[in-house]
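Single-structure report; data block below.
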Amino acid sequence: MIDIRQLREDPERVRASQRARGEDDGVVDAVLDADRRHRSGLSQFESLRAEQKSFGKKVAAAKGEEKQALLAEVKETAARVKELEAAKDEAAVERDRLLRSIGNVIIEGVPTGGEDDFVTLEEVGSPRDFAAEGFEPRDHLELGELLGAIDMSRGAKVSGSRFYYLTGPGARLELALMNLALDRARDAGFVQMQVPTLVTPETMAGAGFLDAHADEVYRLEADDLFLTGTSEVALAGFHADEILDLSAGPRRYTAMSTCYRREAGSYGKDTRGIIRVHQFQKVEMFVYCRPEDAETQHESLLKWERGMLDDLGLAYRVIDVAAGDLGGPAARKFDCEAWIPTQGAYRELTSTSNCTTYQARRLNTRERAESGTRMVATLNGTLATTRFLVALLETHQQADGSVTVPEVLRPYTGFDVLTPVG
RNA sequence: GGAGGCGUCGCCUAGUCUGGUCUAUGGCGCCCGCCUGCUAAGCGGGUUUGGGGCUACAACCCCAUCGAGGGUUCAAAUCCCUCCGCCUCCGCCA
């Protein structure tokens, strides 16, 4: 949720943000209107309520007939107070409903437009030239099956489409990747967490996943709980309704968790292999910081993400995601997309978002400021996910189907190469 | 799953039975000041959070806030209902 005060003081900035996102900017005036109605209703309610309260003291002091007379007089006031209260509450509900529909105000420099309007900030490394090497690359699933690392058909047998098993060296490789990421996060000062992956509707909504992403979320109806699609949800909820002390610097957390996504509306897309699946592992970074530190923290998250991709020997590009593709909470988002040889395309491996105070406002996470309290900023970023395996297998394959393990992962896998089985 | 107890403004705590003088008591901690070679002690004052009004974004005034949400009432921390959390005991269990 954006700050109503910012909207009052600088409505044009919010309108411009809405336009850049390709959203309706008329909602801004609708909010202002509801806000005015709420505030005038609030004044009316408060002054009459004050009158009623002072009357109550007279009633308490009075006796006998005098008391009866006062009671009769104030009864009408009480009824009127109730009406005024209902009216101002109604206006507030309308105001908040509209306010919640507005996405975060984008940071200056974010490209205008939709999914295809991103700006490439940098291309790192060059895609491997298999033609020059004289062999046709196998795709990650063919390799995975050849190496006894991925088993899609048994995943489908047990759980349906878009489920899979990682077997033997595949399971080992994924866990190696996660451990590398967790060690790096720890070395960078992140507090490591194990988090719930089932959360309440309040937490899910607070993190911002029940709006645009509502169809993407698994819901357990019997218990009214949601399976999270990222540990960002639990990490964002961790400090909900708290007042933090950030005087010693940002609070930074990392967690590996299983992530669950329905992938509704993506029928027929990425149906082969583990590019797009219902369940996967991910190591996430999450930062609570002062609003003025958010952009610096965002750069740091991007730096750590890039460090992983660099050291894993992947070719990738960094993009500045366009306003229309940010989602509600993010004010800016950088994606790192790795080159997938058999697709001849860059595909998202990591994503880091600066949510400024948007997420914190919904979750009511504040900090102690010089006078009073104020909202903190939250940021998140991916350090590793199961999808990395796609780029790793394809990029580091050899003509005979074996796959070289990047140096940095070897201490974790315990082997240097995956070799074809049987 | 069953029975009981508890939830008060950082922490502890009074108030709940018997609704109004609660503008929520006291202690600890913390902040400001006085006093004082320094520190401590002592003394005085302040110290929930959110919102609104008026404004210099001050001061001041008002409203809400006693786990959350409803209800009864002229009036609710206090009475009633629902929910949540914690504790104790019993039952069940990978």
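The values are calculated or read from the model by the stated rules, or taken from the named source; none is laboratory data. Given the structure is predicted, the values throughout are model-derived calculations rather than measurements. Note: ideal-geometry Cβ built from the backbone for every residue, glycine included; neighbour counts use all protein chains shown. These area figures cover heavy atoms from the full protein model, side chains too; ligands, DNA and RNA do not enter into them. Shrake-Rupley method; radii C 1.70, N 1.55, O 1.52, S 1.80 Å.
The table below gives the values:
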{"item": "Failed criterion for A:R36 (all others in (1) of a type in the set (K, R); (2) near RNA strand B (Cβ under 8 Å from one of its atoms); (3) surrounded by 12 or more Cβ atoms within 10 Å (Cβ to Cβ) hold)", "result": "(2)"}
{"item": "Failed item, numbered, when A:E108 is tested on (1) open to solvent by 90 Å² or more (accessible area, probe 1.4 Å); (2) more than 16 Å from RNA strand B (Cβ to nearest atom); (3) free of Cβ contacts under 8 Å to residues at least 12 places away in the same chain; (4) farther than 29 Å from A:V14 by Cα", "result": "(4)"}
{"item": "Count - residues of region A:341-352 that are touching a Phe, Trp or Tyr at 6+ places or on another chain (Cβ under 7 Å) and either surrounded by 24 or more Cβ atoms within 10 Å (Cβ to Cβ) or in a strand (DSSP E or B) (or both)", "result": "3"}
{"item": "Residue that is most open to solvent (accessible area, probe 1.4 Å) [pool: residues in region A:1-23 that are assigned to a loop (DSSP other than H, G, I, E, B) and under 18 Å from A:V110 (Cα atoms)]", "result": "A:E23"}
{"item": "Wholly within region A:353-422, strands (runs of 3 or more DSSP E) carrying at least 3 residues that are open to solvent by less than 50 Å² (accessible area, probe 1.4 Å) and out of contact with any Ser or Thr (no Cβ under 6 Å at 6 or more places or on another chain)", "result": "A:377-385"}
{"item": "Some residue of region A:360-369 being more than 16 Å from RNA strand B (Cβ to nearest atom) and either within 13 Å of the chain's Cα centre (by Cα) or of a type outside the set (A, V, I, L, M, F, W, C) (or both)", "result": "no"}
{"item": "Subset of region A:261-286 [among the polar types (S, T, N, Q) and more than 18 Å from the chain's Cα centre (by Cα)]", "result": "A:S266, A:T271"}
{"item": "Failed condition for A:T296, given (1) under 19 Å from A:K333 (Cβ atoms); (2) polar (S, T, N, Q); (3) crowded, with 20+ Cβ neighbours inside 10 Å", "result": "(3)"}
{"item": "Contacts under 7 angstrom Cβ, first residue in region A:44-55 being free of Cβ contacts under 8 Å to residues at least 60 places away in the same chain, partner within 6 Å of RNA strand B (Cβ to nearest atom), 6 or more apart", "result": "A:Q52/A:V74; A:Q52/A:A78; A:F55/A:V74"}
{"item": "Hits in region A:373-422 - residues which are among the polar types (S, T, N, Q) and in contact with a Cys (Cβ under 9 Å, 6 or more places away or on another chain)", "result": "A:T378, A:N380, A:T382, A:T385, A:T386"}
{"item": "Given (1) within 12 Å of RNA strand B (Cβ to nearest atom); (2) free of Cβ contacts under 8 Å to residues at least 24 places away in the same chain; (3) closer than 25 Å to A:M1 by Cα, index of the condition A:D29 fails", "result": "(1)"}
{"item": "Residue check, A:R80 surrounded by fewer than 18 Cβ atoms within 10 Å (Cβ to Cβ), within 30 Å of A:A323 (Cβ to Cβ) and not polar (S, T, N, Q)", "result": "no"}
{"item": "Qualifying residues in region A:42-71 (those that are more than 6 Å from RNA strand B (Cβ to nearest atom) and charged (D, E, K, R)) - the one farthest from A:R362 (Cα to Cα)", "result": "A:E65"}
{"item": "Residue match in region A:166-189 (condition: farther than 28 Å from A:R252 by Cα, open to solvent by 40 Å² or more (accessible area, probe 1.4 Å), in a loop (DSSP other than H, G, I, E, B) and at pLDDT 95 or above)", "result": "yes"}
{"item": "Leading residue by the ranking (farthest from A:M178 (Cα to Cα)) among those in region A:285-307 that are charged (D, E, K, R) and at pLDDT 95 or above", "result": "A:E295"}
{"item": "Region A:83-105, subset open to solvent by less than 20 Å² (accessible area, probe 1.4 Å) and in a loop (DSSP other than H, G, I, E, B), residue farthest from RNA strand B (Cβ to nearest atom)", "result": "A:G103"}
{"item": "Pair list, Cβ < 6 Å and 6+ apart or interchain, from region A:140-158 residues that are open to solvent by less than 20 Å² (accessible area, probe 1.4 Å) to residues that are among the acidic types (D, E)", "result": "A:H140/A:E394"}
{"item": "Tally, over region A:1-14, of residues that are under 23 Å from the mean Cα position of the chain (by Cα) and charged (D, E, K, R)", "result": "1"}
{"item": "The one condition in (1) within 12 Å of RNA strand B (Cβ to nearest atom); (2) within 47 Å of the chain's Cα centre (by Cα); (3) over 24 Å from A:P329 (Cα atoms); (4) open to solvent by less than 100 Å² (accessible area, probe 1.4 Å) that A:V74 fails to fulfil", "result": "(2)"}
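Residues checked against (1) at pLDDT below 95; (2) closer than 30 Å to A:L143 by Cα; (3) not aliphatic (A, V, I, L, M):
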position	(1), (2), (3)
A:L220	yes, no, no
A:D241	yes, no, yes
A:D245	yes, no, yes
A:A264	yes, yes, no
A:K269	yes, yes, yes
A:V283	no, yes, no
A:L309	no, yes, no
A:L312	no, yes, no
